[in-house]
Amino acid sequence: MVPLFFSKSMMWLEKVGKAIKSHPFITLHVLIVLGLVLRLIRLWIEDFQPRDSVFYLENAQIVLTCGWREFYKTGVEAYKNLPPGFFLALQAGSAIGLSMYVTAFIILGSSFLLLMYSVYYGMIALWQKTHYALLGALFAATSPWLLRLGCFILRDAPYFSCGAAALAVGAWAVTREKYRYWLLFALFAFCAIMFRKEGFEFLMVFGVWCAVSLLIQLVRRQWKSVLFSVISGILVAVLTLLPLLLLEQHFRISYGSQWEVIPTTWSGYIWSMFKSLVKA
């Protein structure tokens, strides 16, 4: 009896494996549905939002009813240096007649979809294996930490999704040497920085890649790749930093924001490193 059950189970698993291998894109969307169902179940079982979620919604209401200047005068010191991306997204939903809660959950759902596609296609770019990409998508759909993150009305879900998308298109850019992928990287890096100031780290990582790639290609005398690294660096820096710095100045001058695109801690750390290198 037991050997027969084991044999049938193995046959069934083999058929499932063949179906997954034959239809990876369909499997990806099955995992997306699974992830959405798990998030809905979690919301139904534990109808809870952390304190920060409540604060975000309350302050978003201040932005909607009283404007940005009043928001920056609320007295919550920690919010004065927040990037405006999350509140702008909530504001956009209200502009078309949606409630803040509906808008927030649309943002969370869109972030989950972006995360799933980013993990899948990013791993395809790196390893060229669909089963690795599907394993990554399975983790993104079912990981308890990501489940929790995807149910809270916080900036974290859209920030991490934009970060994952930036890394995914960055992987395609590095492996394919196509400028269009760096243009997408600039877009997603811009969005990540608009949600959290830690998003600037993606630009720091990109800067390190440019420097290392340029050095390697110069040593190898691969002039086409050298040109690609230089132009990519200029494109991403201009398309990301220029609009961000303009927005930063607009919010500072018009509303009294203390938001910093390039955090002071980073600039101070980089300057101290530079002085240490000069002294050495």
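The values are calculated or read from the model by the stated rules, or taken from the named source; none is laboratory data. Computed from a predicted model, the values in this text were never measured in an experiment. Here the Cβ is made from the backbone with ideal geometry for all residues, glycine too, and neighbour counts use every protein chain on show. Keep in mind that these areas ignore ligands, DNA and RNA; they rest on the heavy atoms of the full protein, side chains included. Shrake-Rupley method; radii C 1.70, N 1.55, O 1.52, S 1.80 Å.
Quick look at the values:
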{"item": "Matching residues in the range 100-137 - criterion: being under 15 Å from the mean Cα position of the chain (by Cα), of a type in the set (A, V, I, L, M) and open to solvent by 20 Å² or more (accessible area, probe 1.4 Å)", "result": "ILE107, LEU113, LEU114, LEU115, VAL119"}
{"item": "In the range 150-171, the residues that are in a helix (DSSP H, G or I) and either farther than 16 Å from LEU115 by Cα or aliphatic (A, V, I, L, M) (or both)", "result": "ALA157, ALA164, ALA165, ALA166, LEU167, ALA168, VAL169, ALA171"}
{"item": "Residue identified as assigned to a helix (DSSP H, G or I) and within 26 Å of ARG176 (Cβ to Cβ) among LEU114, LEU147", "result": "LEU114"}
{"item": "Residue within the range 132-139 that is touching a residue at least 12 places away in the same chain (Cβ under 8 Å), outside any loop (DSSP other than H, G, I, E, B) and within 28 Å of PRO263 (Cβ to Cβ) present", "result": "no"}
{"item": "Residue within the range 59-67 that is more than 19 Å from the chain's Cα centre (by Cα), closer than 16 Å to PHE251 by Cβ, touching a residue at least 24 places away in the same chain (Cβ under 8 Å) and open to solvent by 50 Å² or more (accessible area, probe 1.4 Å) present", "result": "no"}
{"item": "Close pairs (8 angstrom Cβ cut-off, 6 or more residues apart or separate chains): without any contact (Cβ under 8 Å) to a residue 60 or more places away in the chain and of a type in the set (S, T, N, Q) in the range 223-250, open to solvent by 20 Å² or more (accessible area, probe 1.4 Å) and outside any helix (DSSP H, G or I) anywhere", "result": "SER225/GLU177"}
{"item": "Enumeration of residues in the range 42-58 that are surrounded by 13 or more Cβ atoms within 10 Å (Cβ to Cβ) and either touching a His at 6+ places or on another chain (Cβ under 7 Å) or of a type in the set (D, E, K, R) (or both)", "result": "ARG42, ASP52"}
{"item": "Enumeration of residues in the range 77-99 that are of a type in the set (Ser, Thr, Tyr) and surrounded by fewer than 16 Cβ atoms within 10 Å (Cβ to Cβ)", "result": "SER99"}
{"item": "Lone qualifier among GLU177, GLU201 - being open to solvent by 50 Å² or more (accessible area, probe 1.4 Å), closer than 15 Å to VAL236 by Cα, out of contact with any helix residue (DSSP H, G or I) (no Cβ under 8 Å at 6 or more places or on another chain) and of a type in the set (D, E, K, R)", "result": "GLU201"}
{"item": "Any chance ARG42 is within 26 Å of LEU115 (Cβ to Cβ), within 24 Å of the chain's Cα centre (by Cα) and in contact (Cβ under 8 Å) with a residue 60 or more places away in the chain", "result": "yes"}
{"item": "Residue within the range 203-216 that is within 18 Å of the chain's Cα centre (by Cα), within 30 Å of SER99 (Cα to Cα) and touching a residue at least 60 places away in the same chain (Cβ under 8 Å) present", "result": "no"}
